[in-house]
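Novice: First, the structure itself, so that you have it in front of you.
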Amino acid sequence: MLLKTIIADVRSNVDHTRRSGLGYWARVFGKLLFTPTVQVVVMFRISTALYKFPPTRPFAFILRSMAVVWGGTELHPAAKIGPGLCLIHSQKVLIADGVTIGKDARISHGVSIGGDTGRGAAGIVGFPVLGDGVTIALDSIVLGPVTIGDGAVISAQSLVVRDVPAGAVVAGSPARVVRMAEPAEALEPSKETE
């Protein structure tokens, strides 16, 4: 299961229109070997596996710290992220521990996704839940107990503090629906996640 998820993550970083032949697999392994964004995601997957068992949790946090130093990304090992995660650039990406993200998410640099301690009941923190195929553009913030529907697009520098319907394109601070997206015919889900 872990290996299939890692393969889906790596494949999501390679052009999906050329998914056959030796050249494709050379690009996949090249991304794995030489791209910090892919390496950070692989470190996250391994740290998530280590986090499940209390005796190995310290190693999970060591890997998380290595990802912060190596790629400038902090993905908490307790975050639940589906296969096919693609970080466009890994710098300044923060995903908190209670966040749930579906499969085939695309996240740009500077994105923060986390809970909001100020809006919930005393001592209760609500975390975002993102559907499948969500795209979050650079320097956006998704904060608090919000639900982002499947195929939603969050524009650059948006602050999302309210639910976003499936297929919506949102922009602004606070984010508002600017249009409903066309069906994602060009987006092909990662083969391991179908």
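Only the coordinates and a few stated rules stand behind these numbers; no lab work does. Not measured: the values here are computed from a predicted model. For neighbour counting, all protein chains shown are included, and Cβ atoms are generated from backbone atoms with ideal geometry for every residue, glycine included.
Novice: At most 11 other Cβ atoms within 10 Å and a DSSP loop assignment: could you name the trypsin sites (Lys or Arg not before Pro) in segment 1-41 that fit?
Specialist: For trypsin sites (Lys or Arg not before Pro) across segment 1-41 that sit outside H, G, I, E and B with at most 11 neighbouring Cβ atoms in 10 Å, the list reads Arg18.
Novice: Taking +1 at the Cβ of each Lys and Arg and -1 at the Cβ of each Asp and Glu, which of Val14, Val142, Pro77 sits farthest along the dipole of the chain towards its positive end, judged by Cα position relative to the Cα centre?
Specialist: Final value for the positive-end residue is Pro77.
Novice: Could you work out which residue, out of Ile46, Ile113, Ile148, moves most in a Gaussian network model of the chain, that is, has the largest mean-square fluctuation with Cα springs under 10 Å?
Specialist: Of Ile46, Ile113, Ile148, the most mobile in the Gaussian network model is Ile46.
Novice: Follow-up. In terms of modelled amide H atoms, which long-range or inter-chain residues lie less than 5 Å from the amide H of Asp116?
Specialist: Result for Asp116 returns Gly126, Gly144.
Novice: Could I ask something else about it? Write down, largest first, the equivalent ellipsoid semi-axes of segment 2-182 in whole Å, where each equals the square root of 5 times an eigenvalue of the alpha-carbon gyration tensor.
Specialist: So the equivalent ellipsoid measures 26, 22, 13 Å along its semi-axes.
Novice: How many lysine pairs are close in the chain, with Cα atoms under 17 Å apart and the two 8 or more places apart or on different chains?
Specialist: Taking the Cα cut-off of 17 Å, the pair count is 7.
Novice: Next up: Answer rounded, prolate or oblate for segment 1-41, using the Cα gyration tensor with square roots of eigenvalues a ≥ b ≥ c: rounded when a/c is under 1.5, else prolate when a/b is larger than b/c, else oblate.
Specialist: Cα axes put segment 1-41 in the oblate bin.
Novice: Further question: Per DSSP H run of n ≥ 4, the term is -39500 (n - 2.57); total these for the chain, divide by its residue number, and report the mean residue ellipticity at 222 nm rounded to 500 deg cm²/dmol.
Specialist: It comes out at -9000 deg cm²/dmol, rounded to the nearest 500.
Novice: Could you state the number of Å between the C-alpha centres of segment 26-42 and segment 124-162?
Specialist: 25
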